[in-house]
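Encoded as structure tokens, the structure appears first; notes follow it.
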Amino acid sequence: MTTLSKLRGNPPLIVCITNDVVKDITANGLLALGASPIMSGEKSEAAGLMQAADGLLINIGTADTHKKNLMFEMAEAANKNNVPLVLDPVGYAASDFRRNLVDELIEKYEFTLIKGNQSEMMALAGLESTSRGVDSTDAGDALEIAEAAFEALNIPALVTGETDAFVTRTRRYTLHNGNGLQGRITGSGCLLGAVMLAFISRSDGLTDGALDAVSYYNLCAESAAGQNPGPATFRTGFIDALYLNDASLLSGKDIRQHE
Ligand SMILES: Nc1ncnc2c1ncn2[C@@H]1O[C@H](COP(=O)(O)OP(=O)(O)O)[C@@H](O)[C@H]1O
Ligand SMILES: Cc1ncsc1CCOP(=O)(O)O
């Protein structure tokens, strides 16, 4: 059985502590895919939610002091219950608050995966970045950035952009599907973190789950872009594509393994 069929047959509960901009697209994207999203804003729910959860996403896009405490409580409960934990360091270099929050999260908790765009991951890896906000302003070598991020953080790392790169302790890949319209809607990086958790929670291994997730997601974007030339209809078509396609779409994946 494919990971996508397993996911659809047994929808994973994905808890999303995510930013205020993308809550809607994250919930709708996960539901369309076949997963079960829940957003939370209350730290006293952490123990109970993490006993039932199949994944926890921490996305710092609109974090504040209240959400920081919530993130710590949830991450601790996720680690206690061995719940896969993904970190999206949105706008890492944009402020000291964001940098300190992410650095503290990484120091305190065990993350299954960290994913970010080139600018975010460059800054995290200690490389010089031109970043100012939440969008990537850099155009470097995705694989080199992912390697540098893994080396600096010791966490499996996905760098997103026109080319995506995934690096673990033993494996290095680049992924070449996707469409430029993904950069023209807000939330396409944020939703990907949640989708990755859904796949990882139903996959036999982190790498297979991560590669299937990114490829399926980006192939859905390609198919939606074919029929929707502008961002607003693309966004709708993309959610439809997450629902309408099945694992056979993955025959179009373009993944390259590197030595
Ligand atoms: N120019 C592009 N061509 C193809 N895919 C893209 C392009 N830009 C972004 N993507 C895809 O969009 C998703 C979000 O990536 P990115 O825009 O880098 O993240 P963020 O929204 O966090 O800045 C990823 O799945 C990535 O592969
Ligand atoms: C615009 C914005 N501001 C804070 S979070 C956010 C959304 C970022 O979403 P993505 O990085 O997935 O495009």
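Ligands, DNA and RNA left out, the accessible area of segment 24-133 computed with a 1.4 Å probe is 44% carbon and sulfur. Span-like helix criteria (full DSSP H runs; alpha carbon extent of at least 27 Å along the helix axis; mean Kyte-Doolittle hydropathy of at least 0.5) are satisfied in the chain by no helix. Within the assembled protein chains, the solvent-accessible surface assigned to L49 is about 30 Å², based on a 1.4 Å probe. For segment 220-259, the Kirkwood hydrodynamic radius from C-alpha pairs, put into Stokes-Einstein at 25 °C and a viscosity of 0.890 mPa s, yields a diffusion coefficient of 221 µm² per second. Under 12 Å from a label point 7 Å along Cα→Cβ of D20: give me every residue in segment 225-245 with its amide N that close. It comes to no residues whatsoever. Working note: 222 nm ellipticity from helices only, DSSP H runs with n ≥ 4, each -39,500 (n - 2.57), summed and divided by the residues of the chain, gives -15000 deg cm²/dmol to the nearest 500.
Using the Cα centre of the chain as the reference point, and only Cβ charges (+1 on K/R, -1 on D/E), how large is the resulting charge dipole? Debye, rounded to the nearest 20.
About 480 debye.
Taking 12 Å as the straight-line reach from the Cα of K6, the aspartates and glutamates in range (excluding those fewer than 8 positions away in the same chain) are D204, D246.
For the chain, the Kirkwood hydrodynamic radius comes to 17.9 Å, computed from all pairs of different C-alpha atoms. Scan the chain and report its longest stretch carrying no trypsin sites (Lys or Arg not before Pro) that are both in a DSSP loop and have at most 11 other Cβ atoms within 10 Å. Result, exposed sites excluded: 1-131.
The values are calculated or read from the model by the stated rules, or taken from the named source; none is laboratory data. The model shown is predicted, which means the values in this text are computed figures rather than measured ones. Reconstructed Cβ throughout: ideal geometry from the backbone, glycine too, with neighbour counts over all protein chains shown. Just so you know, the surface numbers come from the protein's heavy atoms only, side chains and all, with ligands and any DNA or RNA stripped out. Shrake-Rupley method; radii C 1.70, N 1.55, O 1.52, S 1.80 Å.
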